[in-house]
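Novice: Here's a structure for you.
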Amino acid sequence: MPDLREVKEFLKDTLAYIIVIISTMLVFIYVFSFQQVIGNSMSPVLNDGDVAFLSKITYRISKVKRNDVIALKTNDGKVYVKRVIGLPGESISYMDNILYINNEPFTEEFIGEEVNTNNFMFEDICSKEDCPNGVIPDNMYLVLGDNREDSLDSRDPSLGLVPKDNIIGKSLIRIWPLNKISKT
C-alpha cells in the first residue's frame, strides 16, 4: 500500500505555492506595479528607461492631488507618465512661463527656471462645448510633463484632459537605475 503521507505532504506544499503565486498576482494587479518611462518628457525627475514603482490603490482611498506623478493609459492603450497640474473645477493657463490656476499665479517648485512652457489658455485645451463652465470637468485632470518642451501631454489634442478612470496609479519611487533610486 502506498504511503499517503507523502502524497498529502506534496499536495500541502503545492497548495502553499499556488496561494503564494495567486497572492502575488493579485497584489500586482490591484495594489502595486512597475512602469517603465518611455521618452524624456518627465526629465529630470524620470528619464527614458527609468522604472517607477506605482501604487494602484492610492486613488481608490484618496484624491488625486496637484503635482502627483501618475501613470495613465490612453484610449488606444499607450501608457504615459505625467504630472497632475490641473484639478476638477479649475481653469489653468500659462502666460510668460507662469502657471495660473483660476487666474492666480502658482509657483511650480519642482521645475527649474531653465524649463520653458509655451503660453496656452484653458480654451486651447478644452473647448466651450466640452467644458461649458470654462473649468476642468469632474473626474478629469490636466497633466503636463516636467520637460515641457518635449512632452506629449494635455496640451496636445490627442491626449487632452485625462479621465480619472484612465489613471493607472501614482508613481512613488524611481527604482531603476539602482544608482538613482529616489522618490518621484
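Novice: Any idea what Rg and Dmax come out to for the chain if you just take the C-alpha atoms, in Å?
Specialist: Taking only Cα atoms of the chain, I get Rg and Dmax of 21.4, 87 Å.
Novice: Rg to Rh for the range 99-184: what is it, with Cα atoms only and Rh by Kirkwood? Please report the intermediate quantities before stating the final value.
Specialist: Working: Rg = 15.1 Å, Rh = 15.0 Å.
Computed over Cα atoms, the ratio is 1.00.
Novice: Can you give me the C-alpha center-to-center distance between the range 64-125 and the range 128-155, rounded to a whole angstrom?
Specialist: After rounding, the separation between the Cα centres reads 7 Å.
Novice: I've got another one for you. So what is the relative contact order for the chain, in percent, with contacts set as C-alpha pairs under 8 Å and at least six apart? Walk me through the numbers before you get to the answer.
Specialist: Details: 331 pairs, mean separation 45.5, N = 184.
Over the chain, the number comes to 25 percent.
Novice: If we count every other residue with Cβ under 15 angstrom of residue 26's Cβ, Lys/Arg +1 and Asp/Glu -1, where does the sum land?
Specialist: Details: positive: 56, 60; negative: none.
So the surrounding residues net to +2.
Novice: Let me ask something else about it. For a Förster distance of 35 Å, can you work out the FRET efficiency between the beta-carbons of residue 26 and residue 74, rounded to the nearest 0.05?
Specialist: Details: r = 26 Å, r/R0 = 0.73.
E between residue 26 and residue 74, to the nearest 0.05, is 0.85.
Novice: Could I ask something else about it? Considering only the other residues whose Cβ falls under 11 Å of the Cβ of residue 167, what net charge follows from Lys and Arg at +1 and Asp and Glu at -1? If you can, show how the numbers build up before the last one.
Specialist: Numbers: positive: 56, 60, 73, 82, 164, 170; negative: 68, 165.
Summing Lys/Arg as +1 and Asp/Glu as -1 gives +4.
Novice: Right, next: Hey, which of these cross-link pairs are over 28 Å Cα-Cα: 78/183; 12/170; 63/183? Please list the in-between numbers first.
Specialist: Values: 78/183 24 Å; 12/170 38 Å; 63/183 19 Å.
Check vs 28 Å cut-off fails for 12/170.
Novice: To the nearest 10 Å², what's residue 123's accessible area with a 1.4 Å probe?
Specialist: Counting only protein heavy atoms, the figure is 100 Å².
Novice: Please report the carbon-and-sulfur percent of the accessible area for the range 15-163; probe 1.4 Å, protein heavy atoms only, DNA, RNA and ligands left out. Working shown, then result.
Specialist: Working: 4500 of 8330 Å².
About 54 percent, which is the carbon plus sulfur part of the accessible surface.
Novice: What length, rounded to one decimal in nm, is gained on full extension from residue 63 through to residue 36, with 0.36 nm per residue of separation minus their alpha-carbon distance? Mind dumping the intermediate values first?
Specialist: Values: separation 27, 0.36 × 27 = 9.72 nm, distance 2.38 nm.
Full extension from residue 63 to residue 36 adds 7.3 nm.
Novice: Now for a different question. Can you check what the net charge comes to around residue 124, using other residues whose Cβ is under 13 Å from the Cβ of residue 124 (Lys, Arg +1; Asp, Glu -1)? Please report the intermediate quantities before stating the final value.
Specialist: Numbers: positive: 128, 155; negative: 123, 130, 153, 156.
My count for the surroundings of residue 124 gives -2.
Novice: At q = 0.19 Å⁻¹, work out log10 I(q)/I(0) for the range 1-58 with the Debye formula, treating every Cα as an identical point scatterer and leaving solvent out; two decimals please.
Specialist: The computed values of log10 I(q)/I(0) come out as -0.77.
Novice: How tilted is helix 4-30 with respect to the longest principal axis of the chain? Cα atoms for both, answer in degrees (0 to 90, nearest 10).
Specialist: With both axes taken from Cα atoms, the answer is about 0 degrees.
Novice: When the scattering of the range 10-106 is computed by the Debye formula from its Cα atoms alone, each counted once and equally, what is log10 I(q)/I(0) at q = 0.10, 0.11 Å⁻¹?
Specialist: Each listed q maps to, in turn, -0.44, -0.51.
The values are calculated or read from the model by the stated rules, or taken from the named source; none is laboratory data. This is a predicted model, so every value here is computed, not measured. Here the Cβ is made from the backbone with ideal geometry for all residues, glycine too, and neighbour counts use every protein chain on show. Just so you know, the surface numbers come from the protein's heavy atoms only, side chains and all, with ligands and any DNA or RNA stripped out. Shrake-Rupley method; radii C 1.70, N 1.55, O 1.52, S 1.80 Å.
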